[in-house]
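Just below is one structure, and these are the notes that go with it.
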Amino acid sequence: MAARQNRESPVRETQVSNTDFYVPDLCRVRAVFMLVVTSELLVLVLSIVQAESRWIDWNYFGLLSLFVQWTVLTSAALICLLRRWLSGLTVPRATAVIVAIVLLDVLAFSLFADSVLHPRPGVAAWQGVAKKLLLAMLITLMVLRYFYLQSQWQQQREAEMQARLTALQARIHPHFLFNSMNTIASLITINPERAEDAVLDLSELFRASLRNGDRLIPLADELDLCRRYLAIEKLRLEDRLAIDWNIESGLDQQAIPPLTLQPLVENAIYHGIQPRPNGGTVKVEAYRKGPSVYLMVQNPRPAPDQAGHDGNRMALANIQSRLHALFGEPAVLKHSHQNDIYTVTLRLPWQKASGNGKPAIRSE
């Protein structure tokens, strides 16, 4: 039985799920548009090369463009319809099937075109068909190779992003656990109800820190995590900690990576409030402006010997990398000092979190 499992495991490992299939979803307009534009650019290059006395052979360009666009669109439609089945195959088998689909499509259109242009095809016509098939096979293999490398790079980026999330999760434990337990222990005898609430908040905080299956969560969940964290710190710092919430309504379902705001609030406490004898105010603000959502965490400016703390730099760098990996260029993280106030600002694209941990279609 063990030997059989060992023989079957490589096959299972090379199979891909529908969502992890290395070929992009050709049912989407964006993917089809990119294929059409790329193929048209290729036709333009071939038409320039074909021209002898002019810059471009427009007759050749028109005929070849019509032929290429029909083959590209029909092949994309067939691959789209068979995507679920193709995703259950191994990568080599899926590649072979896709190449076969494209070649059969090119062959069908080549024979149709030759029957119209050359009712009695000769040897030269069949040689032209063979050249088209060879060229189609080479281009298809190059495109599939590009898709495969893109897929591998995406998986590597997601693995690195998960490692950064794990690093952020690990930071909660040494900074926070012992102080919280000491605070709870001191409250058990004098205020057992507050001690019980603190235990519940602490359990929810660590449950969130151990949850690593979601790439994106609703902003309401992240804000609830911050409130629980600040409630525990309020027990320890008492009047030295003031909290100012300014959250615009309608942002509950905004998509945000887990443990994005909480590390920023933690940094505000440990580098801005705790070192000051009189404490200070942590301000958390969220609002929407056009297609973007802005999140800000403000605290009194850290002391000079605290401003460049390694933990603070690591948290900002990790959060910035995760935002860029998930949202791309629209996501920005900035930090600044002004009037003895330290501000960290996040800009996220306005989109709702779906149930599978991935961003839903952007809402306008």
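Against the numbered list (1) under 30 Å from Trp350 (Cβ atoms); (2) surrounded by fewer than 17 Cβ atoms within 10 Å (Cβ to Cβ), Arg240 comes up short only at (1). Flag: Val37 does not match the condition of being part of a helix (DSSP H, G or I), of a type in the set (Val, Ile, Thr) and at pLDDT below 80. Only a single item in (1) exposed (fewer than 12 other Cβ atoms within 10 Å of the Cβ); (2) closer than 14 Å to Val32 by Cβ is not met by Ser75, and it is number (1). Being over 13 Å from Val23 (Cα atoms), modelled with pLDDT of 85 or more and part of a helix (DSSP H, G or I) narrows it down to one of Val116, Val97, Val102, Val129, so name that one. The unique qualifying residue is Val102.
Number of residues in segment 243-271 that are surrounded by 19 or more Cβ atoms within 10 Å (Cβ to Cβ) and among the β-branched types (Val, Ile, Thr): the value is 4. Considering only residues in segment 258-298 that are closer than 18 Å to Leu205 by Cβ and hydroxyl-bearing (Ser, Thr, Tyr), the one that is farthest from the chain's Cα centre (by Cα) turns out to be Tyr270.
For segment 6-14, state whether one or more residues are surrounded by 12 or more Cβ atoms within 10 Å (Cβ to Cβ), at pLDDT 75 or above and in a helix (DSSP H, G or I). No; the residues of segment 6-14 include none that is surrounded by 12 or more Cβ atoms within 10 Å (Cβ to Cβ), at pLDDT 75 or above and in a helix (DSSP H, G or I). The residue that is modelled with the lowest pLDDT, counting only those in segment 213-225 that are more than 13 Å from Leu295 (Cα to Cα) and assigned to a helix (DSSP H, G or I), is Leu225.
Test of understanding: among Thr166, Thr183, which residue is at pLDDT below 70 and not charged (D, E, K, R)?
Details: Thr183 fails: at pLDDT below 70.
That would be Thr166, the only listed residue that is at pLDDT below 70 and not charged (D, E, K, R).
Considering each residue of segment 305-328 in turn, none proves to be at pLDDT 90 or above, farther than 19 Å from Arg228 by Cβ and under 30 Å from the mean Cα position of the chain (by Cα).
For Gly280, the stated conditions hold: it is crowded, with 18+ Cβ neighbours inside 10 Å, of a type in the set (Gly, Ala, Ser), under 22 Å from Ser180 (Cβ atoms) and modelled with pLDDT of 90 or more.
So, in segment 289-304, of the ones that are closer than 14 Å to Val265 by Cα and assigned to a loop (DSSP other than H, G, I, E, B), which residue ends up modelled with the lowest pLDDT? Talk me through it step by step, then tell me what you get.
Let us first name the residues in segment 289-304 that are closer than 14 Å to Val265 by Cα, namely 295-302.
Going one step further and asking which of them are assigned to a loop (DSSP other than H, G, I, E, B), we end up with 301-302.
Working: Arg301: 80, Pro302: 63.
Residue satisfying both the conditions and the ranking: Pro302.
Test of understanding: among Glu193, Glu204, which residue is surrounded by fewer than 18 Cβ atoms within 10 Å (Cβ to Cβ) and modelled with pLDDT under 80?
On the way: Glu193 fails: modelled with pLDDT under 80.
Answer to the check: Glu204.
Hey, any hits in segment 352-359 for a residue that's modelled with pLDDT of 75 or more and on the phi < 0 side of the Ramachandran plot? Yes, that holds for at least one residue.
The values are calculated or read from the model by the stated rules, or taken from the named source; none is laboratory data. This structure is a prediction, so every number in the text was calculated from the model and none was measured. Neighbour counts are summed over all protein chains in view; Cβ atoms, including those assigned to glycine, are modelled from backbone coordinates with ideal geometry.
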